[in-house]
Amino acid sequence: MKSSHKVWWIVAAVIGLMLFGDEILGAIGAVLGTIIGIGVTGLVTIAVAVAAFALVIMIGGSIAIALMVAAGALVFALFSWLWPFILLAAIIYVMVRKRPKPV
């Protein structure tokens, strides 16, 4: 009796894949793409900070200066993906602000 239940589950899975296969594979691909994209971006950001730190140390700067430069590099790298949104917000602000009237 248990084997007949397994057959129906297999039939239901095959029918589900035929009906919703594109959506299921699309959702799995979107999740994996997001995870890989965030991971690669994080590794590049860390590499930029390490390169900035190493450059300052090689030039002869102190560790405190190198840490400040690395922190600045991290800030610039992390905000680099936000600039389109910041630019859009600035344009919207300029369009909807109330201009002061000259006296």
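The values are calculated or read from the model by the stated rules, or taken from the named source; none is laboratory data. If you're wondering where the values come from, they're calculated on a predicted model, not measured in any experiment. Please note: Cβ atoms are built from the backbone with ideal geometry, for glycine as well, and neighbour counts cover all protein chains shown.
Scanning the stretch 62-89 for residues that are of a type in the set (G, A, S) and within 22 Å of the chain's Cα centre (by Cα), we see that the one that is surrounded by the most Cβ atoms within 10 Å (Cβ to Cβ) is A70. Among the residues of the stretch 74-103, the ones that are at pLDDT below 85 and part of a helix (DSSP H, G or I) come to 13 in all.
Does I28 meet the test of being modelled with pLDDT of 90 or more, surrounded by 10 or more Cβ atoms within 10 Å (Cβ to Cβ), hydrophobic (A, V, I, L, M, F, W, C) and assigned to a helix (DSSP H, G or I)? Against the criterion (modelled with pLDDT of 90 or more, surrounded by 10 or more Cβ atoms within 10 Å (Cβ to Cβ), hydrophobic (A, V, I, L, M, F, W, C) and assigned to a helix (DSSP H, G or I)), I28 qualifies.
Exactly one residue out of K2, K6 is of a type in the set (K, R) and modelled with pLDDT under 85, and it is K2. Residues in the stretch 1-58 that are under 18 Å from A77 (Cα atoms) and among the small types (G, A, S): G37, G39, G42, A47, A49, A51, A52, A54.
Against the numbered list (1) within 20 Å of the chain's Cα centre (by Cα); (2) modelled with pLDDT of 90 or more, V11 comes up short only at (1).
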